[in-house]
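Peer 1: The structure is given below, and queries will be raised subsequently.
No value in this document is a laboratory result; all are computed from the given coordinates. Keep in mind it's a predicted model, so treat the numbers as computed, not measured. In this analysis, Cβ positions are derived from the backbone assuming ideal geometry, glycine residues included, and neighbour counts consider all displayed protein chains.
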Amino acid sequence: MRHLPLFDLSIHTPRLELRLPSLAQLDELGDRAAEGIHEEGFMPFLFPWSDVPPAERARRAIRYHFRQWGEWTPESWSAEFAVLLDGEVVGVQGVFAKDFGITREVNTGSWIGRRFQGQGIGTEMRRAVLHFAFEGLGAEQAVTSAFEDNAASLGVTGKLGYREDGIEIRNRMGRRAAIRRFRLNRADFSPAPDVEIRGLDACLPLFIAPTT
């Protein structure tokens, strides 16, 4: 797509490929959501979009991507990369920012289908998107957060050099819950030589608004 080259952008690690999904891959992503993301009775998301029957969970996952594409501007964007393992969609790794050209700060979020969890994929895909942010886009800081009972997310964060950045108290499905925030500075980030970014040059104007 000449006018929206984002669909030619991809990030590659030894095992994974991250890219904005095609329609077929988006449908497959809906399958992953329908199969399940977390155990019943546990909610890792601030907005409980996954707390619905499988068919509606699939539709919500798909509709979210269309919404992000339609609302994308250089001043406010959310790159929700489908994560592929041996060509099969296993989950989503997102990186998003507001006024990135000024703040040089990104945030990240992700989910993986349950049957693909526990294989180190979460760490590998976060590391890939951090390399994309710092080495590809020129980010200065990356932030992330997770509920304090989300051991899997906190475990990934703990491996990648983030520093504690405070606690927020939120309403999670009608109950008080604490979110732990983390910040990764460029000086604390180690570039990943085994990560390759393809097709970025044509996309840069869509990530960084020109400054006056």
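Peer 1: If packing is taken as the average number of other Cβ atoms within 10 Å across a peptide's residues, how do 108-114, 71-77 rank, most packed first?
Peer 2: Values: 108-114: 20.3, 71-77: 14.0.
Going by the mean number of other Cβ atoms within 10 Å, highest first, we get 108-114, 71-77.
Peer 1: For segment 181-187, just list the computed ³J(HN,Hα) in residue order, Karplus coefficients 6.51, -1.76 and 1.60, θ = phi - 60°, integers in Hz, with x standing in for Gly and Pro.
Peer 2: Each residue of segment 181-187 in turn: 9, 9, 9, 10, 8, 3, 5 Hz.
Peer 1: Tell me the label-point distance for the pair Q119, R181, using the 7 Å Cα-to-Cβ offset, in nm and rounded to one decimal.
Peer 2: It is 3.5 nm.
Peer 1: Would you indicate which of (1) 127; (2) 155; (3) 185 is the value of volume of the Cα convex hull per residue in Å³ derived from the coordinates of this structure?
Peer 2: After the calculation, the listed value that fits is (1).
Peer 1: Provide the net charge surrounding E164, with neighbours chosen by a C-beta distance below 10 Å and charges set as Lys +1, Arg +1, Asp -1, Glu -1.
Peer 2: +3
Peer 1: Restricting things to alpha carbons, tell me how big segment 136-212 is in terms of Rg and Dmax, in Å.
Peer 2: 16.3, 45
Peer 1: In addition: So, in Å, what gap is there between the alpha-carbon centers of segment 94-108 and segment 117-147?
Peer 2: 13
Peer 1: In whole Hz and in residue order, list the ³J(HN,Hα) couplings for segment 137-149 that follow from phi through the Karplus curve 6.51 cos²θ - 1.76 cosθ + 1.60, θ = phi - 60°; x for Gly and Pro.
Peer 2: 9, x, 5, 9, 8, 10, 10, 8, 7, 7, 4, 5, 9
Peer 1: Here is a further query. For R67 and R163 in one chain, what is 0.36 nm times their gap in residues minus the Cα-Cα distance, to one decimal in nm? Write down the numbers at each step before the final one.
Peer 2: Values: separation 96, 0.36 × 96 = 34.56 nm, distance 3.18 nm.
Using 0.36 nm per residue and subtracting the Cα-Cα distance, I get 31.4 nm.
Peer 1: Per DSSP H run of n ≥ 4, the term is -39500 (n - 2.57); total these for the chain, divide by its residue number, and report the mean residue ellipticity at 222 nm rounded to 500 deg cm²/dmol.
Peer 2: The per-residue figure over the chain is -8000 deg cm²/dmol.
Peer 1: Let me ask something else about it. Using θ = phi - 60° and the Karplus curve 6.51 cos²θ - 1.76 cosθ + 1.60, what whole-Hz ³J(HN,Hα) does each residue of segment 159-175 get, with Gly and Pro shown as x?
Peer 2: Each residue of segment 159-175 in turn: 8, 10, x, 5, 10, 4, 9, x, 10, 10, 9, 10, 8, 10, 6, x, 10 Hz.
Peer 1: If the chain between R15 and R2 were fully stretched, how many nm would it gain, using 0.36 nm times the residue separation less the Cα-Cα distance?
Peer 2: 1.8 nm
Peer 1: Follow-up question, since we're still on this one. Run the numbers on segment 1-94 and let me know its relative contact order in percent, using alpha-carbon pairs under 8 Å that are six or more apart.
Peer 2: This gives 32 percent for segment 1-94.
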